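A short worksheet on the structure shown next.
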Amino acid sequence: MDKTTNKVISELAKKLDTISEAALLTHISPDGDCIGSMLALGIALESLNKKICYYNPGFLPVNLKFLPGVDKICSVLPPEEFPETLIFIDCAEAERAYSGLCPEFLQGKTVINIDHHISNNGFGTVNWIDAGAAATGEMIFHLLGEMGVSMTKEIAENLYTAIITDTGRFSYSNTTVESFRIAAELLKTGLDLVQINNILFEQKSLAQTKLLQKALTNLELHQQGTMAVIVLTREDFEETGADESLSEGLVNYARNIEKVEAAALLKEIAPDEIKVSFRSNTWLDVNQVASRFGGGGHRRASGCSINGTMGQARQMIVSALEEALNVGRDH
């Protein structure tokens with residue numbers, strides 16, 4: 001790490017040492033990185049005798065419910081008596097933690113913003129944004145080291161989950177030498193590598209398998225096979241008995257098709273509310289595509305939400321990806 005990063009970590013560690021309590025918040029549609037990172041930091045702070053509360057508004061994916069400390073997570077914010085220190089983890093913007101989060105909620109608070117999304121808007125009073133980190137879990141690992149926290153098996157299981165999910169089992173382009181080095185350190189705690197990988201990636205419920213069948217049936221190819229789009233309607237979720245969290249990762253089935261550069265998964269999560277996940281393989285910056293719709297994320301993985309019908313959203317997304325692919329070819 002460079003001197004600037006080391007300075008930020010040192011200052012943040014000192015800041016956390018002075019607090020007596022804090023609320024930890026992560027983004028909607030939770031994944032392994034945001035939940036694993038939040039729990040790892042929370043457990044560490046509790047070991048330093050800090051009072052910690054955990055919040056996430058979404059339904060936790062079934063395959064994350066094995067994580068140590070997961071039962072502490074609350075889905076509803078308290079009406080009052082909220083801690084003065086708010087720590088947002090893996091959130092590109094505050095609204096990603098709770099939609100409609102009003103600015104007044106943050107007023108007078110110390111807002112710590114720890115994230116690795118390139119689209120992060122620096123909404124905190126203290127911001128640590130490292131777009132070079134493969135996962136926010138990597139950042140938390142370094143922070144805990146600076147704080148002098150002992151790496152327990154509980155913390156390690158959460159951090160390992162954070163890193164392995166955001167790197168796709170160390171197969172995505174964001175994977176670095178540091179990702180492997182940190183994972184090796186975490187394995188020293190005795191965590192069960194085989195069991196964790198099995199829970200996260202191999203085990204599938206019948207509803208999840210039926211949803212995959214729907215997704216593959218609805219898959220479309222565009223732009224001479226360089227774009228793949230999957231559409232999932234409310235009816236698809238109802239017919240399969242799957243909740244929205246079980247669609248996590250389905251976009252990769254579209255991305256992994258030979259010749260495909262850009263992939264998108266459109267999910268109807270409510271009437272006139274479509275959630276979109278983007279992925280790319282080698283060169284297309286899907287963060288820029290998502291930003292056109294008020295979203296963001298990373299160059300190879302991003303997302304957004306669109307208000308409108310599925311037909312309208314599909315047309316908008318296909319057109320945006322067509323334009324992005326054509327501009328890329330021209331250059």
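Taking Lys and Arg as +1 and Asp and Glu as -1, the other residues whose beta-carbon sits under 13 Å from that of Gly308 total -1.
Accessible area per residue (1.4 Å probe, heavy atoms of protein chains only) ranks Tyr98, Tyr54 as Tyr98, Tyr54, with the largest value leading.
Here is what passes the span test in the chain: the DSSP H helices with alpha carbon length of 18 Å or more along the helix axis and a Kyte-Doolittle mean of -1.0 or above are 3-18, 32-47, 153-166, 310-330. Rolling a 1.4 Å probe over the protein heavy atoms gives the range 115-231 an accessible area of 45 Å² per residue. A Cβ-based charge dipole, computed about the Cα centre of the chain with Lys and Arg at +1 and Asp and Glu at -1, lands at about 560 debye.
Share of the range 92-246's accessible area from carbon and sulfur, percent, 1.4 Å?
With neighbouring chains kept in place, the figure for the range 92-246 is 50 percent.
For the range 91-234, the residue among Leu143, Asn218, Leu186 whose Cα projects farthest onto the positive side of the dipole built from Cβ charges is Asn218. Computed from the Cβ-Cβ distance with R0 of 22 Å, the FRET efficiency linking Leu221 to Glu323 stands at 0.80. Test of understanding: extend the Cα→C-beta vector of Ala184 to 7 Å, then name every residue of the range 133-177 with backbone N under 11 Å from that spot. Under 11 Å, as judged by backbone N against the label point of Ala184, lie 177 of the range 133-177.
Residues with beta-carbon under 9 Å from that of Asp130, excluding Asp130: net charge, scoring Lys, Arg +1 and Asp, Glu -1? Local net charge: -2. Considering only Ile19, Asn326, Phe278, and ranking their Cα positions along the charge dipole of the chain that arises from unit charges at the beta-carbon of Lys, Arg, Asp and Glu, the one farthest toward the positive end is Asn326.
Show me the three semi-axes of the equivalent ellipsoid for the chain, from the C-alpha gyration tensor (sqrt of 5 times each eigenvalue), largest first, rounded to whole Å. Kindly include the intermediate steps, with their values, before the conclusion.
Details: eigenvalues 210, 90, 84 Å².
The answer is 32, 21, 20 Å, longest axis first.
Ordering 191-203, 237-249 by mean Cβ neighbour count within 10 Å, with the highest value first, yields 237-249, 191-203.
Per residue, the range 254-300 exposes an accessible area of 43 Å² to a 1.4 Å probe, with every protein chain left in place.
Here is the link list: Lys50/Lys72; Lys51/Lys109; Lys214/Lys267; Lys65/Lys204; Lys14/Lys188; Lys210/Lys267. Which ones come out longer than 18 Å on Cα distance? From the list (Lys50/Lys72; Lys51/Lys109; Lys214/Lys267; Lys65/Lys204; Lys14/Lys188; Lys210/Lys267), the Cα-Cα distance tops 18 Å for Lys14/Lys188. What FRET efficiency comes out for the pair Val177/Gln213, r = Cβ-Cβ distance, R0 = 22 Å, nearest 0.05? Result of the calculation: an efficiency of 0.05.
Each label was represented as a point 7 Å from its Cα along the Cα-to-Cβ direction; for Asn256 and Phe59 these points are 2.4 nm apart.
The values are calculated or read from the model by the stated rules, or taken from the named source; none is laboratory data. These numbers come from a predicted model, not from an experiment. FYI the Cβ positions are ideal-geometry reconstructions off the backbone, even for glycines, and counts take in every protein chain you see. Note: accessible area is taken over every heavy atom of the protein model, side chains too, but ligands, DNA and RNA are not part of it. Shrake-Rupley method; radii C 1.70, N 1.55, O 1.52, S 1.80 Å.
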